[in-house]
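J.: Dumping the structure here so I can ask a few things about it.
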Amino acid sequence: MLKGIAASRGIGIGSICVIVEHELKYESKKITDIDAEKARFQAAVDSFKEETAAMAEDIRKRIGPKEAEILEGHLVMISDPTMSGEMSKMIDAGQCAESAVEAVCDMFIGMFSKMDDDMMRQRASDISDIKVSLLKLLLGIKDIDISSVAPGTILVAKDLTPSMTSQINKSNVAGIITEVGGKTSHSAILARALEIPAVLSVPDVTTLVKDKDTAIVDGTEGIIYINPEGDVLSQYIIKREEYIKKQAELKNFLGKPTVTADGENVELFCNIGTPKDAKKAVECDGEGIGLFRSEFLFMEGGHLPTEDEQFTAYKEAAETMNGKPVIIRTLDIGGDKDIPYLGMKKEENPFLGYRAVRYCLGNKDTYITQLRAMVRASAFGKIKIMIPLVTCVDEIRAVKELVSEIKKDFDANGINYDKDIEVGCMIETPSASLIADFLAKEADFFSIGTNDLTQYTMSVDRGNADVAYLYSTFQPSVLRSIKHIIECGRKAGIPVGMCGEAAADPLMIPLLIAFGLTEYSVNPVLVLTARCIISKWSKKEADELAEKIMNLTTESEIVAALKEAAKE
Ligand code: PEP
Ligand code: MG
């Protein structure tokens, strides 16, 4: 068994085809006929553009516009005068086309790969893809035709470039394994869009396997088996059948309301990071946005987004959701989320430091700009404002005061907004949990952030692998806290949701039904899974289970009992 990154769910079983990387060897020579070399270079660029445009068009038709954007991005990059201009200049100076392509691409790859931002680092891999394609065109190298591999093929490659992925015929490729790439790499995005199980970043896999080896790709767990023993293979054949059956069962939940087995309605919302993700939420049948992590807008652009830029983003999300709720969380930076241009001080304990609402209330100009953008955008949908990391009543009062000042200003200047715009808070600290009854008198709604609530309740850094064994939402202390928060919200008559990862955990869902949670906010791809699990539990059954669970004293007993009771 080999481990990698679980990049695209599902189980694939089949016969391996290794995509061999051609050595892109050439002799770097001084050019005398510059015009002829430039014509050769231009011909390669033209072919590249032609082939890439055709592949993008094909992906647009077969997979979708979002996925085609990856290859369209390559076209934009190669058409950028800085890139091709630099290459031309080097040819003018007597370098051969291959050297010029390699040197300029390597320069950009070096620059982008050093950047902190994931998206920028992804650019480095785009340029590497462009480099390889251009060199192959210049050297006359033809790749194997991925589009005509036999049915049941497991593709194994060092990296699967978007141009390779675009040739994949979904009915022939049973799985994908690569040596590099993470959950957000382009190959992962495309594999997920094609619904092909994929495990990425398996060290040295291209040298460990050979053509025609049998392989199992478990894209849910991130493991692969090469030439598995008979019993492993037969177990996986059964698992694959179960997975396929389950996926088909999940499709039955599309377009349906989210109801418990005894007919109680709850809301099933999505967590998003950008306004574009709202489309994904709609596609996945989310009933609203329960958490729009606004900090991504601040991370992407390299500068503080202006009121208009933010307004446009919030309005886009509101309009995409077409009147359904969009809960936007105000800037939640600090802790593990740094925004370099803000020049925030290095702190001894960043998770306990100057972050989220604390930073915002200390940097009022930035905060007012964001709140104004949210209130303006509320004229275009059902926007709600959510405050992160609240620890005391003063914080929510201070934010509400800012919002009411903004409303007064808008009234005076005839700017439209939703007069009933709600202001709620995340409950993700032990302090907020302990005073949830007080906070419930001030907030229009609660959303439980279990990711941080677990971290702070257990005093465990959520990113520290050494103490990860303690980081569990099923710890009795965390469960008591969740139950208490929901009870406080219910007593005060305000809705209580959950936007931490636990909201989609099949083991947690019956407990949340028992505690009376009314809104679940999950990753868009988990909407149908959550709806399916919720449909299997009645309040009575959930109550009986919760009664038992809340009397157990250790996390391991709790998890074992929940697994035993699970209805999958
Ligand atoms: C949480 O803490 O549960 C949460 C949803 O917020 P984040 O993961 O962004 O801190
Ligand atoms: Mg949080």
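J.: Which members of segment 537-548 meet the condition of being surrounded by 18 or more Cβ atoms within 10 Å (Cβ to Cβ) and in contact with an Asp or Glu (Cβ under 9 Å, 6 or more places away or on another chain)?
T.: Of everything in segment 537-548, those that are surrounded by 18 or more Cβ atoms within 10 Å (Cβ to Cβ) and in contact with an Asp or Glu (Cβ under 9 Å, 6 or more places away or on another chain) turn out to be Trp537, Glu541.
J.: Residues to consider are Glu221, Glu249; find the one that is under 19 Å from Glu568 (Cβ atoms) and either open to solvent by 90 Å² or more (accessible area, probe 1.4 Å) or not in a helix (DSSP H, G or I) (or both). Steps first, please.
T.: Numbers: Glu249 fails: either open to solvent by 90 Å² or more (accessible area, probe 1.4 Å) or not in a helix (DSSP H, G or I) (or both).
Result: Glu221 is the single residue among Glu221, Glu249 that is under 19 Å from Glu568 (Cβ atoms) and either open to solvent by 90 Å² or more (accessible area, probe 1.4 Å) or not in a helix (DSSP H, G or I) (or both).
J.: For residues that are away from ligand 2 (no atom under 16 Å from the Cβ) and farther than 19 Å from Met550 by Cβ, scanning just segment 475-502, find the one that is least open to solvent (accessible area, probe 1.4 Å).
T.: Here the residue is Ile494.
J.: Across segment 32-87, which residue is farthest from Ser125 (Cα to Cα) among those that are among the β-branched types (Val, Ile, Thr) and part of a helix (DSSP H, G or I)?
T.: This residue is Ile34.
J.: Can I ask one more? Might you check whether a residue that is within 29 Å of Glu179 (Cα to Cα) and open to solvent by 50 Å² or more (accessible area, probe 1.4 Å) occurs anywhere in segment 253-270? Full working, then the answer.
T.: Let us first name the residues in segment 253-270 that are within 29 Å of Glu179 (Cα to Cα), namely none.
No: segment 253-270 contains no residue that is within 29 Å of Glu179 (Cα to Cα) and open to solvent by 50 Å² or more (accessible area, probe 1.4 Å).
J.: Checking Asp505 against (1) surrounded by 16 or more Cβ atoms within 10 Å (Cβ to Cβ); (2) over 21 Å from Asn551 (Cβ atoms); (3) not β-branched (Val, Ile, Thr), only one condition comes out false. Which one?
T.: (2)
J.: Only one residue in Ser88, Ser79 is surrounded by 13 or more Cβ atoms within 10 Å (Cβ to Cβ), of a type in the set (Ser, Thr, Tyr) and not assigned by TED's automatic domain parsing to the domain that holds Lys279, so which one is that? Explain how you work it out, then say what you get.
T.: Details: Ser79 fails: surrounded by 13 or more Cβ atoms within 10 Å (Cβ to Cβ).
Answer to the selection: Ser88.
J.: Suppose we filter Thr529, Thr454 for residues that are among the hydroxyl-bearing types (Ser, Thr, Tyr), within 13 Å of ligand 2 (Cβ to nearest atom) and either in a helix (DSSP H, G or I) or buried (at least 20 other Cβ atoms within 10 Å of the Cβ) (or both); which single one remains?
T.: The match here is Thr454.
J.: Among the residues of segment 44-76, what is the count of those that are on the phi < 0 side of the Ramachandran plot and open to solvent by less than 50 Å² (accessible area, probe 1.4 Å)?
T.: 17
J.: Another question, if that's okay. Give the residue that is farthest from ligand 1 (Cβ to nearest atom), with candidates limited to residues of segment 284-295 that are more than 15 Å from Met386 (Cβ to Cβ) and not small (Gly, Ala, Ser).
T.: Step by step, filter segment 284-295, then rank; the result is Asp285.
J.: Go through Tyr354, Tyr341, Tyr367 for me and flag whichever is within 20 Å of Ala443 (Cβ to Cβ) and either free of Cβ contacts under 8 Å to residues at least 40 places away in the same chain or outside the structural domain of Gly286 (by TED's automatic domain parsing) (or both).
T.: Tyr367
J.: For the list (1) open to solvent by less than 20 Å² (accessible area, probe 1.4 Å); (2) in a helix (DSSP H, G or I); (3) away from ligand 2 (no atom under 16 Å from the Cβ), I need the number of the one condition that Ser472 fails.
T.: (2)
J.: Can I ask one more? Is at least one residue of segment 10-31 surrounded by fewer than 17 Cβ atoms within 10 Å (Cβ to Cβ), part of a helix (DSSP H, G or I) and without any contact (Cβ under 8 Å) to a residue 12 or more places away in the chain?
T.: Looking for residues that are surrounded by fewer than 17 Cβ atoms within 10 Å (Cβ to Cβ), part of a helix (DSSP H, G or I) and without any contact (Cβ under 8 Å) to a residue 12 or more places away in the chain, one finds none in segment 10-31, hence no.
J.: Inside segment 91-116, can you point out the residues that are surrounded by fewer than 20 Cβ atoms within 10 Å (Cβ to Cβ) and of a type in the set (Gly, Ala, Ser)?
T.: Listed by number, the residues that qualify are Ala93, Gly94, Ser99, Ala103, Gly110, Ser113.
J.: Tell me, please, whether a residue that is more than 18 Å from Ser15 (Cβ to Cβ) and aliphatic (A, V, I, L, M) can be found in segment 205-219.
T.: no
J.: Can you tell me how many residues in segment 479-524 are more than 16 Å from ligand 1 (Cβ to nearest atom), hydrophobic (A, V, I, L, M, F, W, C) and at pLDDT below 95?
T.: Of the residues in that region, 0 qualify.
J.: How about segment 424-444: which of its residues are open to solvent by 10 Å² or more (accessible area, probe 1.4 Å) and away from ligand 2 (no atom under 16 Å from the Cβ)?
T.: Across segment 424-444, the qualifying residues are Leu434, Ile435, Asp437, Phe438, Lys441, Glu442, Asp444.
J.: Looking at segment 253-303, which of its residues are among the β-branched types (Val, Ile, Thr) and either in contact with a Leu (Cβ under 6 Å, 6 or more places away or on another chain) or closer than 18 Å to Ala317 by Cα (or both)? I'd like the intermediate steps shown before the answer.
T.: Residues of segment 253-303 that are among the β-branched types (Val, Ile, Thr), as a first pass: 258-260, 266, 272, 274, 282, 289.
Residues satisfying the conditions are Thr258, Ile272, Thr274, Val282, Ile289.
The values are calculated or read from the model by the stated rules, or taken from the named source; none is laboratory data. Keep in mind it's a predicted model, so treat the numbers as computed, not measured. Note that we place each Cβ from the backbone using ideal geometry, even for glycine, and neighbour counts take in every protein chain shown. What goes into the accessible areas is simple: the full protein's heavy atoms, side chains included, and nothing from ligands, DNA or RNA. Shrake-Rupley method; radii C 1.70, N 1.55, O 1.52, S 1.80 Å.
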